[in-house]
1. Would you please list the contacts, defined by Cβ atoms under 7 Å and residues six or more apart or on different chains, that run from a residue in the stretch 117-137 that is assigned by TED's automatic domain parsing to the domain that holds GLY92 to a residue that is among the aliphatic types (A, V, I, L, M) and at pLDDT 85 or above?
2. Mind listing whichever residues of the stretch 4-54 are on the phi > 0 side of the Ramachandran plot and touching a helix residue (DSSP H, G or I) at 6+ places or on another chain (Cβ under 6 Å)?
3. Which of the residues belonging to the stretch 107-128 are aliphatic (A, V, I, L, M) and over 30 Å from PRO73 (Cβ atoms)?
4. Please state which one of THR39, THR78 is in the same structural domain as ILE9 (by TED's automatic domain parsing) and over 18 Å from ILE5 (Cα atoms).
5. Can you confirm whether the stretch 104-111 contains a residue that is aromatic (Phe, Trp, Tyr), over 19 Å from ALA58 (Cβ atoms) and surrounded by 10 or more Cβ atoms within 10 Å (Cβ to Cβ)?
6. So which of ILE138, ILE161, ILE165 ends up being of a type in the set (A, V, I, L, M), under 29 Å from GLU51 (Cα atoms), surrounded by 10 or more Cβ atoms within 10 Å (Cβ to Cβ) and at pLDDT 75 or above?
7. Identify all residues within the stretch 34-66 that are without any contact (Cβ under 8 Å) to a residue 60 or more places away in the chain and within 25 Å of GLU107 (Cβ to Cβ); write none if there are none.
8. Show me the strands (runs of 3 or more DSSP E) entirely contained within the stretch 2-102 in which 1 or more residues are among the hydroxyl-bearing types (Ser, Thr, Tyr), over 14 Å from the mean Cα position of the chain (by Cα) and farther than 21 Å from LEU112 by Cα.
Amino acid sequence: MTDCIFCKIVRGEIPALKVYEDSLNLAFLDINPCSLGHTIIIPKKHYQKLEEMTEEEAKELFSVIFRLTKIIPKSVGTTDCNIGINNGKFAGQEVSHLHFHIIPRFEGDNGLPMQGLVRMEVKKEDLPKIAEKIKKEIENSEVFKEKEKSEEQKKEKSEEIKESIKSFEREWQEFNLEEQDKAPNYSEARRE
């Protein structure tokens with residue numbers, strides 16, 4: 001997306017205080033920080049929402065977030081932080097390029113926990129129905145079916161490899177037994 005501010009940062013058209021960069025991801029200080037060390041982490045490729053990424057790209061992005069979470073709070077003198085994403089317009093996403101926030105937290109910083117973001121009334125008696133609805137969506141979801149197929153394929157491949165190893169070990173044992181049955185050839189040793 002040509003006019004996306006984060007894409008412009010990726011391309012070097014807008015300056016940013018970069019703290020981490022690899023071939024797929026970029027992390028830089030938020031220009032309007034809510035806390036000391038407030039960092040934005042983005043994929044370099046333009047996506048508006050998390051679910052648009054491939055699973056492999058998401059794993060790479062989360063790996064960066066995981067590692068930075070260990071470093072950023074420590075570097076600004078704390079041990080705690082919020083890790084957040086505004087995934088879509090109704091969730092408060094202001095820049096339409098997928099991005100995560102690492103916001104270091106300090107004692108007495110007057111901030112709220114993540115649960116303080118939304119206060120929608122939800123009846124406790126509705127929770128079982130909501131849980132069932134989500135479970136049904138998961139059961140019918142191609143995303144999880146693909147993962148199950150992939151896991152099954154990995155398991156089958158693993159079994160094939162184990163069988164190949166067993167077959168090789170049997171052949172090797174048979175070869176060793178055949179070699180042990182042969183009379184030793186000392187003719188070379190006698191010449192010396």
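1. Listed by first residue and then by second, the contacts come to nothing, as the list is empty.
2. We begin by selecting, within the stretch 4-54, every residue on the phi > 0 side of the Ramachandran plot; these are 12, 37.
Of everything in the stretch 4-54, just one residue is on the phi > 0 side of the Ramachandran plot and touching a helix residue (DSSP H, G or I) at 6+ places or on another chain (Cβ under 6 Å), namely GLY37.
3. Selection gives VAL122, LEU127.
4. Numbers: THR39 fails: over 18 Å from ILE5 (Cα atoms).
Answer to the check: THR78.
5. Checked the stretch 104-111: at least one residue is aromatic (Phe, Trp, Tyr), over 19 Å from ALA58 (Cβ atoms) and surrounded by 10 or more Cβ atoms within 10 Å (Cβ to Cβ).
6. Working: ILE161 fails: under 29 Å from GLU51 (Cα atoms); ILE165 fails: under 29 Å from GLU51 (Cα atoms).
After applying the criteria, what remains is ILE138.
7. ILE65, PHE66, listed by residue number.
8. On the way: elements: 18-21, 25-29, 39-43, 80-85.
In the stretch 2-102, the matching strands (runs of 3 or more DSSP E) lie at 18-21.
The values are calculated or read from the model by the stated rules, or taken from the named source; none is laboratory data. Just so we're clear, the structure is a prediction, and the values are computed from it rather than from any experiment. A quick note on method: Cβ atoms are made from the backbone with ideal geometry, for glycine too, and the neighbour counts reach across all protein chains shown.
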